[in-house]
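Single-structure report; data block below.
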Amino acid sequence: MIEVFDSPEKWMKFRKLHKLKSKTLGFVPTMGGLHKGHSSLILKALNENDDVLVSIFLNPTQFNNKSDLENYPKHDELDINILTDLGVKYLLKPSYQSLYPDNFTYSVNESVNSKILCGEFRPGHFQGVLTVVLKLLNIAQADNAYFGEKDYQQYRLIADMVDAFFIETRIISCPIIREDNGLALSTRNERLSENSKNLSSNLFKIISSVEDQNEALKKLHQLGFEVEYLTEKWNRRFVAAKIEDVRLIDNVTI
Ligand code: AMP
């Protein structure tokens, strides 16, 4: 049976007792709406640690767009079944109040890499992400924490934040899990029509096969994508594009 902790305090109290057994703890933070991308992180964590804590928290402070937050898929019961089937023993599912006793008057700011790519188009997004991840890492007190390369910019910012603030948890990156047609799995994909889901597989196909950036951009526009950016950085090519008002991101190594 999975044990659910609905406040930071409850987990931290349990963790203190648990630490005495000197086991390694892996941590996988999520926003729920679990899919095989999340499962891959959890399986890696289960494989590399004695115990695993997963968190589900739909973090409002990282949503710069209210309707994106309101329409974000939520599947509490299904998520708990998935975690139970995977063999996860501990779930942290805190309320906003318990995680933000300060009501977001305190936050983490990064001034360089959070301002480019997604940061340019989603003002305040990474401030919310870094703030919630700092809270969660402090609460979890894990040995290892797992993040997907699907959100590569997020992973980089978190890895650098952990260095900047001397947090002792090791940050581990995990490869992108895709549908057979190449579309990167994402909770938001649920909001796509069948037709757009098929069309969306072109996002990966084009950024991974069309070498010339302008050519790739042209092809995406022709297919109906509203491209926010197509940029190269950190030896990767990054894209963010909207289709049917659903925002998709992806990246590939160059
Ligand atoms: P989210 O619930 O979207 O905040 O994602 C939780 C974690 O799962 C983040 O570290 C994501 O990067 C990771 N993740 C989401 N989708 C995928 C995917 N398709 N492949 C690998 N990791 C993923």
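The values are calculated or read from the model by the stated rules, or taken from the named source; none is laboratory data. All values derive from a computational prediction rather than experimental measurement. Don't worry about glycine lacking a Cβ; one is built from the backbone with ideal geometry, like all the others, and counts go over all protein chains shown. Surface accessibility is based on the protein's heavy atoms, side chains included, excluding ligands, DNA and RNA. Shrake-Rupley method; radii C 1.70, N 1.55, O 1.52, S 1.80 Å.
Taking the condition without any contact (Cβ under 8 Å) to a residue 40 or more places away in the chain, within 16 Å of the ligand (Cβ to nearest atom) and open to solvent by less than 70 Å² (accessible area, probe 1.4 Å), does Gly224 pass?
Taking the combined requirement at face value, the residue does not satisfy it.
Determine which single condition Glu190 fails, assuming it passes every other condition in (1) of a type in the set (D, E, K, R); (2) surrounded by 15 or more Cβ atoms within 10 Å (Cβ to Cβ); (3) closer than 22 Å to Asp68 by Cβ.
Looking at each condition in turn, Glu190 falls short on (2).
Considering each residue of region 171-197, count those that are within 16 Å of the ligand (Cβ to nearest atom) and not in a loop (DSSP other than H, G, I, E, B), and give that number.
First pass over region 171-197, keeping only residues within 16 Å of the ligand (Cβ to nearest atom): 171-192, 197.
From what's left, not in a loop (DSSP other than H, G, I, E, B): 171-174, 178, 184, 187-191, 197.
Adding up the residues that qualify gives 12.
Can you tell me which residue among Leu86, Leu78 is within 15 Å of the ligand (Cβ to nearest atom) and more than 18 Å from Phe57 (Cα to Cα)?
Unique residue meeting the criteria: Leu86.
Condition check ((1) touching a Cys at 6+ places or on another chain (Cβ under 9 Å); (2) among the acidic types (Asp, Glu); (3) in contact (Cβ under 8 Å) with a residue 60 or more places away in the chain) across all residues:
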{"site": "Met1", "(1), (2), (3)": "no, no, yes"}
{"site": "Ser7", "(1), (2), (3)": "no, no, yes"}
{"site": "His18", "(1), (2), (3)": "no, no, no"}
{"site": "Leu41", "(1), (2), (3)": "yes, no, yes"}
{"site": "Lys44", "(1), (2), (3)": "yes, no, yes"}
{"site": "Asp50", "(1), (2), (3)": "no, yes, no"}
{"site": "Ile56", "(1), (2), (3)": "no, no, no"}
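So which residues in region 75-99 are in a loop (DSSP other than H, G, I, E, B) and surrounded by fewer than 19 Cβ atoms within 10 Å (Cβ to Cβ), if there are any at all?
Correct list: His75, Gly87, Lys89, Lys93, Ser95.
Which condition does Lys150 not pass, out of (1) under 25 Å from Ser114 (Cβ atoms); (2) away from the ligand (no atom under 13 Å from the Cβ), if it passes all the others?
Every condition holds for Lys150 apart from (2).
Condition test on Phe27, is it closer than 26 Å to Asp160 by Cβ and in contact with a Pro (Cβ under 9 Å, 6 or more places away or on another chain)?
Here the answer is no, as Phe27 does not meet what is asked.
When the residues of region 116-169 are narrowed to those that are touching a strand residue (DSSP E or B) at 6+ places or on another chain (Cβ under 6 Å) and free of Cβ contacts under 8 Å to residues at least 24 places away in the same chain, which ends up farthest from Lys16 (Cα to Cα)?
Applying the filter and picking the extreme gives Tyr155.
Which of the following residues is modelled with pLDDT of 95 or more, within 16 Å of Ile249 (Cα to Cα), open to solvent by 60 Å² or more (accessible area, probe 1.4 Å) and out of contact with any His (no Cβ under 8 Å at 6 or more places or on another chain): Phe126, Phe147, Phe165, Phe121? Please lay out each step first, then the result.
Working: Phe126 fails: open to solvent by 60 Å² or more (accessible area, probe 1.4 Å); Phe147 fails: open to solvent by 60 Å² or more (accessible area, probe 1.4 Å); Phe165 fails: within 16 Å of Ile249 (Cα to Cα).
Just one listed residue meets the conditions, Phe121.
Away from the ligand (no atom under 14 Å from the Cβ), open to solvent by less than 50 Å² (accessible area, probe 1.4 Å) and not hydroxyl-bearing (Ser, Thr, Tyr): does that describe Leu230? So that I can check it myself, show each step before the final result.
Working: away from the ligand (no atom under 14 Å from the Cβ): yes; open to solvent by less than 50 Å² (accessible area, probe 1.4 Å): yes; not hydroxyl-bearing (Ser, Thr, Tyr): yes.
Yes; evaluated as a whole, the condition is true for this residue.
Which of the residues that make up region 198-208 are within 14 Å of the ligand (Cβ to nearest atom) and in contact (Cβ under 8 Å) with a residue 24 or more places away in the chain?
Going through region 198-208, the residues within 14 Å of the ligand (Cβ to nearest atom) turn out to be 200-201, 203-204.
If the condition is that a residue be within 14 Å of the ligand (Cβ to nearest atom) and in contact (Cβ under 8 Å) with a residue 24 or more places away in the chain, then Ser200, Leu203, Phe204 are the ones that fit.
In region 100-118, what residues are part of a loop (DSSP other than H, G, I, E, B), surrounded by 13 or more Cβ atoms within 10 Å (Cβ to Cβ) and not aromatic (Phe, Trp, Tyr)?
Scanning region 100-118 gives Ser107, Val108, Glu110, Asn113, Ser114, Ile116, Leu117.
Which ranges mark the strands (runs of 3 or more DSSP E) fully within region 198-254 that have 3 or more residues being under 18 Å from Ile177 (Cα atoms)? Steps first, please.
Numbers: elements: 226-233, 236-243, 246-253.
It comes to 236-243, 246-253.
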